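Have a look at the structure below before the remarks.
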Ligand code: GLY
């Protein structure tokens with residue numbers, strides 16, 4: 001059974017009214033909460049369509065970026081690791097997620113070092129390894145601590161680099177199947193995907209690189225026809241989901257869920 005594409009569960013969190021204060025690299029406008037909620041509903045419906053159980057958590061007004069639950073944890077078949085987000089305003093989101101994972105997993109551990117920072121958006125799990133991109137949110141201490149924890153569960157971690165100016169490693173790539181990665185050319189040019197088949201994101205559509213493979217479906221942001229056609233030509237079933245409001249906060253498909261099969 002694939003650990004990187006087949007899942008029985010997902011956790012999402014409904015966006016809060018405070019989303020208007022969410023972090024962003026460049027201000028391209030205030031996110032519209034009701035449109036974001038409509039996109040979120042379509043996202044959750046697509047996850048459920050694959051047969052998975054989706055747990056929708058209540059909005060957290062104290063955490064404007066709380067809808068981006070992926071950054072709070074790494075979920076593996078053996079257990080979950082609670083992250084230590086590198087954005088100070090997001091640190092408390094991890095503690096909010098912990099009890100929900102403890103209710104589902106027998107083993108939940110956490111990144112604890114005061115100098116360790118790591119966000120789930122920088123972590124790509126494939127069938128053979130866990131790739132972690134060092135970024136402005138994820139540092140060497142956080143990666144080293146995670147490496148030690150997942151080694152106890154038999155996983156090999158490889159440190160890579162998130163391109164400068166890119167929020168997270170998975171902002172620029174996603175796993176489509178055990179051997180295939182969709183990637184921007186600026187990321188794959190760094191050589192981190194040697195040994196994988198890479199489908200390049202067409203130039204000008206870099207924002208389409210963040211998709212998710214969830215059971216039999218690829219969920220991708222709407223509005224990127226060249227990337228959509230490249231994924232379809234490669235034989236994948238896909239669903240386009242509106243992402244205009246999350247994109248204003250540098251968020252995408254992977255950011256909106258934790259995807260896992262609890263032990
Ligand atoms: N707005 C998502 C983040 O910066 O973490």
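What to note about this one:
- The chain: calculated mean residue ellipticity at 222 nm from DSSP helix runs of at least 4, using -39500 (n - 2.57): -6500 deg cm²/dmol
- Here the translational diffusion coefficient of segment 108-189 follows from Stokes-Einstein with Rh set to the Kirkwood radius across Cα pairs; for 10 °C and 1.306 mPa s it amounts to 122 µm²/s.
- Calculated diffusion of segment 150-263, Stokes-Einstein form, Kirkwood radius summed over Cα pairs, 4 °C and 1.567 mPa s, µm²/s: 88 µm²/s
- Built from the Cα atoms of segment 54-117, the convex hull projects on average onto 4.5 nm², one quarter of its surface area.
- Whether the chain is rounded, prolate or oblate, judged on the alpha carbon gyration tensor where a/c under 1.5 counts as rounded: rounded
- Over segment 1-149, volume per residue of the alpha carbon convex hull, in Å³: 119 Å³
- Segment 118-170-segment 6-47 distance, computed between alpha-carbon centres (Å): 24 Å
Computed from the coordinates by the stated procedures, all read-outs in this text should not be read as laboratory data. The model shown is predicted, which means the values in this text are computed figures rather than measured ones.
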